[in-house]
1. Taking residue 12, is it among the acidic types (Asp, Glu), under 21 Å from residue 99 (Cα atoms) and either open to solvent by 90 Å² or more (accessible area, probe 1.4 Å) or over 13 Å from the mean Cα position of the chain (by Cα) (or both)?
2. How about the range 70-80: which of its residues are open to solvent by less than 30 Å² (accessible area, probe 1.4 Å) and either small (Gly, Ala, Ser) or farther than 12 Å from residue 17 by Cα (or both)?
3. Determine whether residue 58 is acidic (Asp, Glu), open to solvent by less than 80 Å² (accessible area, probe 1.4 Å) and over 13 Å from the mean Cα position of the chain (by Cα).
4. From 31, 20, grab the single residue that is free of Cβ contacts under 8 Å to residues at least 60 places away in the same chain and under 30 Å from residue 101 (Cα atoms).
5. Pick out the one residue from 36, 83, 6 that is surrounded by 11 or more Cβ atoms within 10 Å (Cβ to Cβ), among the basic types (Lys, Arg) and more than 14 Å from residue 98 (Cα to Cα).
6. For the range 51-80, give me the residue count where each residue is in contact with a strand residue (DSSP E or B) (Cβ under 8 Å, 6 or more places away or on another chain), of a type outside the set (Gly, Ala, Ser) and not in a helix (DSSP H, G or I).
Amino acid sequence: MIVEFKRPGREDYSSERPVEQVITYVNSLRENGSIKDKDGRVITSINRNTSFIGYIIDDLTEGMKRSLLGTVVNRPTSDGLGKWGFEEELRTYVDVIPYEK
């Protein structure tokens, strides 16, 4: 699970795209092949079949909505407050959850 917090009310995403950040983290974890705890012990092995869930905690401002264009995160949640999507090749589900939720 990856959790990415963004500043509430943010509009400018010209220098970063949160969904791409989550995907970059997933790729980095896959390249490393494992996750270690603070003492260096291997907690879990990661392989190409490992599934990930990415949560982006952020207000769904117009800027955030623009940053989601062209990504897999394009479906509204059942309550209409957030967005979600699934990157099948990476086995990664991404959910944008607004602070109000």
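The values are calculated or read from the model by the stated rules, or taken from the named source; none is laboratory data. All figures in this text were calculated on a predicted structure; none of them were measured in a lab. Heads up, the Cβs are rebuilt from the backbone with ideal geometry, glycines too, and the neighbour counts pull from every protein chain shown. Accessible surface is based on the protein model in full, side chains and every heavy atom, while ligands, DNA and RNA are left aside. Shrake-Rupley method; radii C 1.70, N 1.55, O 1.52, S 1.80 Å.
1. When the stated conditions are applied, residue 12 passes them.
2. Selection gives 77 alone.
3. Values: acidic (Asp, Glu): yes; open to solvent by less than 80 Å² (accessible area, probe 1.4 Å): yes; over 13 Å from the mean Cα position of the chain (by Cα): no.
No: the conditions fail for residue 58.
4. Matching residue, one of 31, 20: 20.
5. 36 is the lone residue from the list that is surrounded by 11 or more Cβ atoms within 10 Å (Cβ to Cβ), among the basic types (Lys, Arg) and more than 14 Å from residue 98 (Cα to Cα).
6. Result for the range 51-80: 14.
Residues checked against (1) out of contact with any Gly (no Cβ under 6 Å at 6 or more places or on another chain); (2) surrounded by fewer than 17 Cβ atoms within 10 Å (Cβ to Cβ); (3) touching a residue at least 60 places away in the same chain (Cβ under 8 Å):
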| site | (1), (2), (3) |
| --- | --- |
| 41 | yes, yes, no |
| 62 | yes, yes, no |
| 65 | yes, yes, no |
| 68 | yes, no, no |
| 90 | yes, no, yes |
